[in-house]
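Please read the structure below before turning to the comments.
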Amino acid sequence: MSALVLVFYGALALWGVLLAVALRTSRYRWFLWFGVAMMLVLNIGYFARGQAESIAFFISIYDVLINVGLTGEELPAAVGTCPDNACTVWGDTYETHSAWATAFHERFANGPGSRNGLLYGHIGFNSVAFLLAHVQLARPGTGGGEKAARHRLIGRVSFAAVTIGTFCAVLLSAQHTTVTEYGGVWSMLGFFSMSFVVYGAAVKTVTTARSGDIASHRVWMFRYLGAMWGAFWLFRVMLFVLDPLLRNVEAAAILICIWFSAPLGVLISEWFRTRKQTIDIDLTNASESQPQVAQA
């Protein structure tokens, strides 16, 4: 399993190359679809290997940097250990981990079945919504007929999925008041805020479509996609950087990511939508006539 962490690092490096190419050429389809594929690989693992093993793999991604420079017996405020070192796939290589990580593993490896069920619901339905949002962007419903009908059907399925996934997330977040490693009440409120940003953008995407305001619908679709990318990928990238930098301050890194990742995702999507005049968003590479982001 530790070898798979190295494979994941390699995938991240390749993704970085795709991002550099995308920024240079303003063509983002490969970067976006690669991100979707990695999301699916990570999230399907929860169903294929179980939550405890998948969480241990996820924690192991962060173990390398959080342990850089750690010396002595006294651990920093945001670092801890877990029973039998079961929360990592590194074996005895790393025995200290981010405090949020040890709490994350403990809560789902030894928690009630209802909590595990909510996590499966959140991961499963939000993964479907994340994937279908990209399908919708790649295949807009312009032109009417069967194409428009298919777009509406996928949109309904996607909205139902994000509704269920967000509901599960809110119920999970309500349990965080006593989890000091996450930040207690502040983490609960932060996850509520994240859910509001993601779901609020999804609702606006639907209401503008139903009202026939296609231009606004497209704008909100990009904001919704930005919120989803922020809540999933920007959250994890920010944590990867902030975790070792803020390990002396309890829960600081995780709280910053909880509160700011989704709004930052929206802001980044807005910047691209309004500033980048030649972005290629044809995710299927089927036509050169796809509308540009700036025209959304």
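Read-outs throughout are calculated quantities, based only on the coordinates presented, and are distinct from any laboratory measurement. Note that the structure is a prediction, hence the values are computed from the model and not measured. Here Cβ is always computed from backbone atoms with ideal geometry, including for glycine, and neighbour counts include all displayed protein chains.
Normalising the average separation of contacting C-alpha pairs (under 8 angstrom, six or more residues apart) by the number of residues puts the relative contact order of the stretch 36-274 at 20 percent.
Database remark: amide H of ARG27 closer than 5 angstrom to the amide H of ASP280 (H placed geometrically; neighbours at sequence offset of 5 or more, or on other chains; Pro and chain starts carry no H). Cβ screening of the chain for cysteine pairs under 4.7 Å finds these without a partner: CYS168, CYS257. Cβ-to-Cβ counts within 10 Å put GLU106, GLU95, GLU73 in ascending order as GLU73, GLU95, GLU106, the fewest first. Projecting the Cα positions of TYR62, LEU189, ALA138 onto the charge dipole of the chain (unit charges on Cβ atoms of Lys, Arg, Asp and Glu, taken about the Cα centre) puts ALA138 furthest along the positive direction.
Let me make sure I get this right: for the stretch 36-274, a, b and c are the square roots of the gyration tensor eigenvalues over alpha carbons, sorted descending. Under 1.5 in a/c it's rounded, otherwise prolate if a/b > b/c, else oblate. Which is it? Judged from the Cα gyration tensor, the stretch 36-274 comes out prolate (a/c at least 1.5, a/b above b/c).
Between the alpha-carbon centres of the stretch 108-177 and the stretch 63-93 there is a gap of 34 Å. Shown is the FRET efficiency for GLU73 and VAL249, computed with R0 = 22 Å from the Cβ-Cβ distance and rounded to the nearest 0.05: 0.65. Relative to the dominant Cα principal axis of the chain, helix 2-25 is inclined by about 40°. A Förster radius of 25 Å, combined with the Cβ-Cβ distance separating ASP92 from ARG49, puts the computed FRET efficiency at roughly 0.70. Over the stretch 180-276, Cα pairs under 8 Å with separation of 6+ residues give a relative contact order of 38 percent.
Cβ crowding within 10 Å, taken as a proxy for footprinting-reagent exposure, orders LEU245, LEU234 from fewest neighbours to most as LEU245, LEU234. Under a 5 Å amide H cut-off, with hydrogens placed 1.01 Å from N, VAL79 pairs with ALA99 among residues at least 5 apart or on other chains.
Over the residues of the chain, the helix contribution to mean residue ellipticity at 222 nm works out to -23500 deg cm²/dmol, using -39500 (n - 2.57) for each DSSP H run of at least 4. Using the Cβ-Cβ distance between ALA3 and GLN175 with R0 = 51 Å, the FRET efficiency computed as 1/(1 + (r/R0)^6) comes to roughly 0.90. Take the Cα of THR142, step 7 Å toward its Cβ, do the same at PHE196, and the gap between the two points is 3.5 nm. Test of understanding: in a Gaussian network model of the chain with alpha carbons linked when under 10 Å, which of GLY50, GLY124, GLY111 would top the mean-square fluctuation ranking? In this elastic network of the chain, the residue with the biggest mean-square fluctuation among GLY50, GLY124, GLY111 is GLY111. Couplings 3J(HN,Hα) for the stretch 79-86, derived from phi with the Karplus relation 6.51 cos²θ - 1.76 cosθ + 1.60 (θ = phi - 60°), are 10, x, 10, 10, x, 6, 6, 7 Hz, where x marks Gly and Pro.
Rounded to the nearest 20, the size of the Cβ-charge dipole of the chain about its Cα centre is 1600 debye, with Lys and Arg at +1 and Asp and Glu at -1.
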